[in-house]
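The values are calculated or read from the model by the stated rules, or taken from the named source; none is laboratory data. Computed from a predicted model, the values in this text were never measured in an experiment. Cβ: placed from backbone, ideal geometry, glycine included. Neighbour counts: every protein chain shown. All accessible areas refer to the heavy atoms of the entire protein, side chains included, with ligands and DNA or RNA removed. Shrake-Rupley method; radii C 1.70, N 1.55, O 1.52, S 1.80 Å.
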Amino acid sequence: MPKKVTVIGAGNVGANTAQKIAAKELADVVLVDVVEGVPQGKGLDMLESAPVEGYDARITGTNGYEETAGSDVVVITAGFPRKPGMSRDDLLLANYEVVKSATEQAVKRSPNAILVLVTNPLDAMCWTALKVSGFPRERVIGMAGVLDSARFRTFIAEELNVSFENVTAMVLGGHGDTMVPLVRFTNVSGIPISELMDKGTIDRLVQRTRDGGAEVVKYLKTGSAYYAPAASAVEMVESILKDKKKVLPCAAYLNGEYGIRELFVGVPVKLGKSGIEKIYEIKLQDDEQAALKKSAEAVHELISVLKQKVQ
Ligand code: APR
């Protein structure tokens, strides 16, 4: 039996995620959206690229959830994208309702699925999905750190004119302005970047990483990034479906790790067929720990707003 992945939200991120999953033959894909015709049309269009690209994966577009039954992974991208001048946090309440309803409907039909959240504000949407689904924390994971790290890796590779593949980076914390790029754990083929760049350059690239989402929004004007977010979500889905056990920075629900409780924060995790198979608690230096704490406080503030509004 082929694996099955449901992608909720057939917009820019969702459609690209669905297409990449099919093209890599990771699973059959069900694409869900509230707008009539859009998931059906995009799904059919993707399917018609299968003979040309040479992949065998079914893609079904739908406005309902019947077809999603028995999914191994559910990727939630449904929501409103960030507009210029709008912070991720402005999206909070609007996207809460969307993620709540998508989660309820999906988990009813796929009670054993692993949920991968993409909708922003990410850490708060993960919290919403965890609470609504009642799933264990191993099966609710947020996509943020892979994307933030990919941006940092891109900027470093460009700066040094080296292969993008050679750059490894670790960005922790919330998916927002307080994210924590860990310079100490960032290297080019094992060479720490501090050996390759001066502090001023590193600081500039760290800041560009923090502003990475906004930089794309500024160009696009009417939407937010989607190629790199989709690629990042697919890397997580692939590690889960193939049980690759990749170690990736993902938003995970912490129960005391890093001194943080009952919040989703980006940390290094091992992703395999059970979802999060391990949370790595690396020893941080004082400044790194302080930055992570500050980032967690920002996530905590959002969750407090949500709790007040929705209870
Ligand atoms: N159920 C299913 N789909 C929904 C729902 C819902 N309740 N509400 C909205 N949608 C759909 C919209 O119809 C739209 O097709 O979600 C899709 C969102 O797509 P885009 O507007 O293109 O947004 P996108 O760029 O894909 O971003 C989606 O990912 O990276 C984050 O910040 C981004 O939160 C945003 C999300």
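Here are some notes:
- Loop-located GluC sites (Glu not before Pro) in segment 247-300 (DSSP state other than H, G, I, E, B) with a sparse environment of at most 13 neighbouring Cβ atoms within 10 Å: Glu281.
- The chain - mean residue ellipticity at 222 nm from DSSP helices (-39,500 (n - 2.57) per run, n ≥ 4, rounded to 500): -13500 deg cm²/dmol
- Per-peptide average of other Cβ atoms within 10 Å, ordering 10-16, 92-98 highest first: 10-16, 92-98
- Pairs exceeding 26 Å between alpha-carbon atoms, taken from Lys3/Lys245; Lys199/Lys278; Lys108/Lys294; Lys24/Lys270; Lys199/Lys270; Lys42/Lys307: Lys199/Lys278; Lys108/Lys294; Lys199/Lys270; Lys42/Lys307.
- Among the GluC sites (Glu not before Pro) found in segment 1-61, those both in a DSSP coil and sparsely packed, with 15 or fewer other Cβ atoms within 10 Å of their Cβ, are Glu25, Glu36, Glu48.
- Shape class for segment 157-311, computed from the alpha carbon gyration tensor (a ≥ b ≥ c): rounded, with a/c under 1.5.
- Counting only residues at least eight positions apart within a chain, or on another chain, the aspartates and glutamates with an alpha carbon under 17 Å from that of Lys20 are Asp28, Asp45, Glu48, Glu53, Asp56, Asp72, Glu235, Glu238.
- Taking other residues whose beta carbon is less than 14 angstrom from the beta carbon of Leu160, and scoring Lys, Arg as +1 and Asp, Glu as -1, yields -3.
- Rounded accessible area per residue of the chain, 1.4 Å, Å²: 45 Å²
- Whether segment 41-119 is rounded, prolate or oblate, judged on the alpha carbon gyration tensor where a/c under 1.5 counts as rounded: oblate
- Carbon/sulfur fraction of accessible area - the chain, other protein chains in place, 1.4 Å, %: 50 percent
- In a DSSP loop and with at most 10 other Cβ atoms within 10 Å, the trypsin sites (Lys or Arg not before Pro) in segment 241-311 are Lys283.
- Amide proton proximity set for Val75, modelled H, under 5 Å, gap of 5+: Thr6, Val7, Ile8, Val116
- The chain, relative contact order [Cα under 8 Å, separation at least 6], %: 17 percent
- For Ala291, the shell of other residues with beta-carbons less than 14 Å away shows a net charge of -3, using +1 for Lys and Arg and -1 for Asp and Glu.
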